[in-house]
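Asker: Structure incoming, see below.
Each value in this text was obtained by applying a stated rule to the coordinates, not by laboratory testing. None of these values were measured; they are calculated from a predicted model. For neighbour counting, all protein chains shown are included, and Cβ atoms are generated from backbone atoms with ideal geometry for every residue, glycine included.
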Amino acid sequence: MNIGIVCYPTFGGSGVLATELGKALADKGHTVHFITYQQPVRLTEFRANILYHEVRVPTYPLFDYPPYESALSSTMVDVVKNNDIDLLHVHYAIPHASSAYMAKKILEKENKYVPTITTLHGTDITLVGRDKTYAPVVAFSINQSDAITAVSENLKQETYKTFKIEKDIEVIHNFVDVRRFARKPIDAFRKVIAPNNERIVLHASNFRKIKRIEDVVKIFNKLNEIVPSKLLLVGDGPERPVIEDLARQLNLFEEIRFVGKQQNMEEIFAVADLFLLPSEYESFGLSALEAMAAGAPVVATNVGGLPEIIIPGVNGYMGNIGDVDQMASYAIDILKEENTFQKFKENARKQAEKFDITRIVPQYEKLYENLYNNFCKRGCK
Ligand code: GMT
């Protein structure tokens, strides 16, 4: 098939998932057209059947806010017409679902019919999407999608609670390429971070408030009192200065490494002994799944879709939001004794296998085929 994928090209989970999906579909022989404003960060190598179409947003003195949504719809129209696109799959509802709707309507006027799929990722529903400045457009455009998917059962239920959705939402969980993430740690890299063989604790995110990174630091502080450890903080965002201050206040600057945004996450996950994700909400927690695939157990909050991937006492633990003491004691339980730690590691890998790319990507392919066949009965192409 010729598949158009629209996503955010940044380090966020929705863009990562969309890019990994596009690469997997290309590996299976489909031709994938990414439509976005920048080269997606995980789209690093060249493949003949992956094409990238940049959305240009011309500025004009009148525009305090250049109209990205219109530019995106026009680019979709152009890509669909000139590349014989079979379907458009948009990731993250805002503004991708409404741009897709607009593109579909324009194409219909030219007797070209293209089905659209919207995959909901989390904050497009639970945070930004429910804001009343966006909500009517979000609800309308989701309902106009020919198929809707959500990355967890929790997000599906949240969507029904938040909006009046008239269609079925199919849950297709996020996935990970277990073989790619099951890397041997690079010894030299481990040595630099943990010269005295301390445990390495990892957190990776976009450093937004919802991630509660101050809790990551506090949990680490308590863990480090009992189990000598180092904390690796990957990513960047608005909370970083606050977290740097906290690390200094707690006299932890020597124990914490802020490495910023990173491309090669497989190598970083490979050195991690534990992944911390004490977020206020996670629709799924793709980073936690990637950590598990690399053999790192996860201590997180019991929110959103995290209970769909973490089995307490098996591959990690979950605590209540803000309960730093509880999460620290879970981290200590996992890391202090080698046999227990090795069991958690093995279980983390096993659990990740349930969400392996080979199991989940066919679910998207099946959805595409059904949609394409049904849609075509109604007169596409
Ligand atoms: O976590 C973020 O803030 C980024 C966000 C995104 O849209 O890129 O991630 C969301 O989508 C990911 C991929 O489906 C999920 O794994 C994350 O849990 C979800 N984030 C939230 O729900 C806060």
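Asker: What are the residues whose amide H is under 5 Å from the amide H of Y317, where those residues sit 5 or more places off or on another chain and H is modelled from the backbone?
Answerer: Hits under the 5 Å cutoff: V298, V299, A300.
Asker: Could you run the Karplus curve 6.51 cos²θ - 1.76 cosθ + 1.60 with θ = phi - 60° over region 257-263 and give me ³J(HN,Hα) per residue in whole Hz, x for Gly and Pro?
Answerer: Calculated HN-Hα couplings, in order: 10, 9, 9, x, 6, 10, 8 Hz.
Asker: Hey, another quick one. Quick check: from the Cα gyration tensor, does region 88-235 come out rounded (a/c under 1.5), prolate or oblate?
Answerer: Here region 88-235 falls in the prolate category.
Asker: What residue among A293, F253, I243 has its Cα farthest toward the positive end of the dipole of region 178-353, where the charges are +1 on Lys, Arg and -1 on Asp, Glu, each on the Cβ?
Answerer: Highest projection toward the positive end goes to A293.
Asker: Which stretch or stretches of region 311-329 have amide N atoms under 15 Å from the point lying 7 Å from L250's Cα along the Cα→Cβ direction?
Answerer: Residues passing the 15 Å test: 322-329.
Asker: Which ³J(HN,Hα) values in Hz, rounded to whole numbers, follow from the phi angles of region 295-300 under the Karplus curve 6.51 cos²θ - 1.76 cosθ + 1.60, where θ = phi - 60° and Gly and Pro get x?
Answerer: For region 295-300, the Karplus curve yields x, 9, x, 10, 10, 9 Hz.
Asker: For a quick check: with amide H placed at 1.01 Å from N, whose amide H comes under 5 Å from H33's, ignoring anything fewer than 5 positions away on the same chain?
Answerer: Placed amide hydrogens put I3, G4, I5, L51 under 5 Å from H33.
Asker: Still on this structure: What are the residues whose amide H is under 5 Å from the amide H of E170, where those residues sit 5 or more places off or on another chain and H is modelled from the backbone?
Answerer: HN-HN under 5 Å from E170: I148, T149, A150.
Asker: Among K81/K109; K191/K354; K132/K164; K218/K336; K81/K104, which pairs are too far apart, with a Cα-Cα distance over 22 Å?
Answerer: K191/K354
Asker: Here's another thing I want to ask about it. Provide the net charge surrounding V216, with neighbours chosen by a C-beta distance below 15 Å and charges set as Lys +1, Arg +1, Asp -1, Glu -1.
Answerer: -2
Asker: Would you kindly state how much longer the chain becomes between N302 and L62 on full extension, computed as 0.36 nm times their sequence separation minus their alpha carbon distance, in nm to one decimal?
Answerer: 81.7 nm
Asker: Something else about it: Mind checking the full-extension length gain between N370 and E54? Use 0.36 nm per residue of separation minus the Cα-Cα distance, one decimal, nm.
Answerer: Answer, rounded to one decimal: 110.9 nm.
Asker: Packing-wise, with mean Cβ within 10 Å as the measure, how do 11-23, 274-286, 242-254 rank, highest first?
Answerer: 274-286, 11-23, 242-254
Asker: Can you compute the helix-only [θ] at 222 nm over the chain? Use -39500 (n - 2.57) per DSSP H run of at least 4 residues, normalise by all residues, nearest 500 deg cm²/dmol.
Answerer: Rounded to the nearest 500, it is -13500 deg cm²/dmol.
Asker: A further question follows. Could the peptides 226-234, 180-188, 97-105 be put in order, highest first, of the mean number of other beta-carbon atoms found within 10 Å of their residues?
Answerer: 97-105, 226-234, 180-188
Asker: Helix 153-162 versus the longest principal axis of the chain: what is the Cα-based angle in degrees, 0 to 90, to the nearest 10?
Answerer: Approximately 60 degrees, to the nearest 10.
Asker: By how many nm would the segment from E166 to S70 grow when fully extended, if each residue of separation counts as 0.36 nm and the alpha-carbon distance is taken off?
Answerer: Going from the current span to full extension adds 32.0 nm.
Asker: Within region 153-179, which residues have the backbone N less than 19 Å from the label spot 7 Å out from N143 along Cα→beta-carbon, could you tell me?
Answerer: 156-170
Asker: Show me the ranking of peptides 212-218, 263-269, 306-312, 127-133 by mean Cβ neighbours inside 10 Å, starting with the highest.
Answerer: By packing density, highest mean first, the sequence is 212-218, 306-312, 263-269, 127-133.
Asker: Now a separate question. If we count every other residue with Cβ under 14 angstrom of I321's Cβ, Lys/Arg +1 and Asp/Glu -1, where does the sum land?
Answerer: Here the count lands on -2.
Asker: Let me make sure I get this right: for the chain, a, b and c are the square roots of the gyration tensor eigenvalues over alpha carbons, sorted descending. Under 1.5 in a/c it's rounded, otherwise prolate if a/b > b/c, else oblate. Which is it?
Answerer: prolate
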